[in-house]
Each structure stands twice: as C-alpha cells, then as structure tokens.
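J.: Take a look at the following structure, please.
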Amino acid sequence: MISETTLTPTETDILIVTDVQYDFLPGGALAVPDGDAVIAPINRLAQAFRHVLPTQDWHPPGHTSFASSHPGRTPFEVIELDYGPQVLWPDHCIQATPGAEISRDLHIPHAQLVIRKGYDPKIDSYSGFIEADRKTSTGLAGYLKERGFRRVFCTGLALDFCVHWTALDAKAAGFDTYVIEDASRAIDTNGSLARARDDLRTAEVHTIRSSQIVTV
C-alpha cells in the first residue's frame, strides 16, 4: 500500500540512488524495462535532498553471478551457491567498462560518497548494505549512523532486486525507510516484483511516490 503522507527532507534524511548505470538502462547488457524513466524523478528529488548517495554494481570479469561463469547455464536460471539461491545474470557492470558507469544524465553533483558492491568475485550483492552472503558488510550502515541520518529514501534500479534489498537492510539497520516507487523500475523475473512488494510490506518499509516529497 502506498502511503499518502507528504514529507519534507531534513538534515537527517538521505536519498539513495541505486545502480542507475548504463548496463541497466535501455541498450545495456541487463536493461531494466523502462529503466531510464527513473532519471527525471530522481533528478527532481535530488534538488530536495541535501544528502544523496549513489550505489554502483562493480563486478570483476567472470563474476560468480554471471551465467557465462557456469557452463551450460543461461541467464535468469537460479542455481545454489555456498550462500544460497543465486539468479544467473548476463555479464554486466564489469569494473571500468562503459556499462558500469553511473548515468551522466543524473544530476547529483552534491553526492558525497559512492558505495560500490559486488566486487568480490564469489559473492553477488544486491543491497547497498550487506552482500548476498548476508554477512559481508559494505560499511554503509555505520557511515549513515555516524553521520546522524535517521530516514533513508530508496530509488533506482531494479526495484525488485537492488532497491528492494537495500530498503530491507536499511530498515533492519534501524532507519525509517521509504521506497519511492515511481523513481524505481523492476526487472520482474519469476515473480520477483510481487515477492519484493510483499517483503517490503512485511518489513514495514513505506512505499511512496515522488510527488509526496516537498521539493521547494
């Protein structure tokens, strides 16, 4: 359910812009349907938030989450790895390649930190907080707490994977957490979007629209 509350960003709020990278945009190696539609609302939102933090998928070649690393497997199959089920993806967001770059159409020059994730060749990472083994921390929770942030607003790509897990982990770390739905887009493979929405609702993560953020 989408809350109707109107919210004004404060000094203790931060906007997380998840993985708006060329490989997730139209024409990219793992393009999210309508993924470029998140850019305009994120740019509007970024004007209202003094604090903005992008995350960036940053995989080495031959990453374990790539279908190409598992002979005979195809993208979007699910296999078991040491840490549990893993969706196999097309090769994407390989370190220092154009596809891994954050979109230059984003206007967030005041971003103070970029969190890179998925750089361990043996562990995937959807969340900006904790990698897919659910043990390895990126350090983001500690950074946000030390800076005194209390509310986290999540946007970007993809709603049913990286945005979803980032929001769940923000909530679990003790932050009042919001997903801005029209500033996010989903892949929706094998029912992933419905499951993500159920998870967010169960965790009491708020779902809102960008129009509910006061931007003046």
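The values are calculated or read from the model by the stated rules, or taken from the named source; none is laboratory data. None of these values were measured; they are calculated from a predicted model. Glycine also receives a Cβ, built like all others from the backbone with ideal geometry; neighbour counts cover every protein chain displayed. For the accessible areas, the whole protein counts, side chains as well, though only heavy atoms, and no ligand, DNA or RNA atoms are used. Shrake-Rupley method; radii C 1.70, N 1.55, O 1.52, S 1.80 Å.
J.: What is the percent carbon and sulfur in the accessible area of the chain, measuring with a 1.4 Å probe over the protein chains and ignoring ligands?
T.: Of the solvent-accessible surface of the chain, carbon and sulfur hold 53 percent.
J.: Non-local amide H neighbours of residue 188 (under 5 Å, H modeled in plane, Pro and chain starts lacking H): which ones?
T.: 160, 193
J.: Per residue, how large is the accessible surface of segment 88-216? Use a 1.4 angstrom probe and give square angstrom.
T.: 45
J.: What does the charge dipole of the chain about its Cα centre add up to, to the nearest 20 debye, if the Cβ of each Lys and Arg holds +1 and the Cβ of each Asp and Glu holds -1?
T.: The dipole magnitude comes to about 500 debye.
J.: Okay, next question. Cα to Cα, under 24 Å, and not fewer than 8 places away if on the same chain: which lysines meet these conditions relative to residue 171?
T.: Cross-link targets: 117, 135, 145.
J.: Per residue of segment 197-214, what does 6.51 cos²θ - 1.76 cosθ + 1.60 with θ = phi - 60° give for ³J(HN,Hα)? Whole Hz please, x for Gly and Pro, Karplus curve as stated.
T.: Working through the residues one at a time gives 5, 4, 4, 5, 5, 4, 7, 6, 7, 6, 10, 9, 10, 4, 5, 7, 8, 6 Hz.
J.: Let me ask something else about it. Order of 35-43, 91-99, 68-76 by packing, highest average Cβ count within 10 Å first? Mind showing how you got there, number by number?
T.: Details: 35-43: 20.1, 91-99: 17.1, 68-76: 12.1.
Highest mean packing first, the order is 35-43, 91-99, 68-76.
J.: Report ³J(HN,Hα) in whole Hz for each residue of segment 124-136, in order, from the Karplus equation J = 6.51 cos²θ - 1.76 cosθ + 1.60 where θ = phi - 60°; Gly and Pro get x.
T.: Residue by residue, segment 124-136 yields 7, 8, 8, 6, x, 9, 9, 6, 5, 6, 6, 10, 7 Hz.
J.: Among 42, 12, 27, which residue has its Cα positioned farthest towards the positive end of the charge dipole of segment 1-59, with +1 placed on the Cβ of Lys and Arg, -1 on the Cβ of Asp and Glu, and the dipole taken about the Cα centre?
T.: Going by the Cα projections, it comes out as 12.
J.: If you don't mind, there's one more thing I want to ask. Debye calculation, C-alpha points only, no solvent: report log10 I(q)/I(0) for the chain at q = 0.09, 0.12, 0.14, 0.15 Å⁻¹, in the same order as the q values.
T.: -0.31, -0.57, -0.79, -0.91
J.: May I pose another question? Taking H placed 1.01 Å from N in the peptide plane, check which residues at least 5 places from residue 138 or on another chain put their amide H under 5 Å from its amide H.
T.: 130, 131
J.: Follow-up. Between helix 39-48 and the chain, what is the angle of the helix's C-alpha long axis to the longest principal axis, kept within 0 to 90° and rounded to the nearest 10?
T.: For helix 39-48, the angle is close to 40 degrees.
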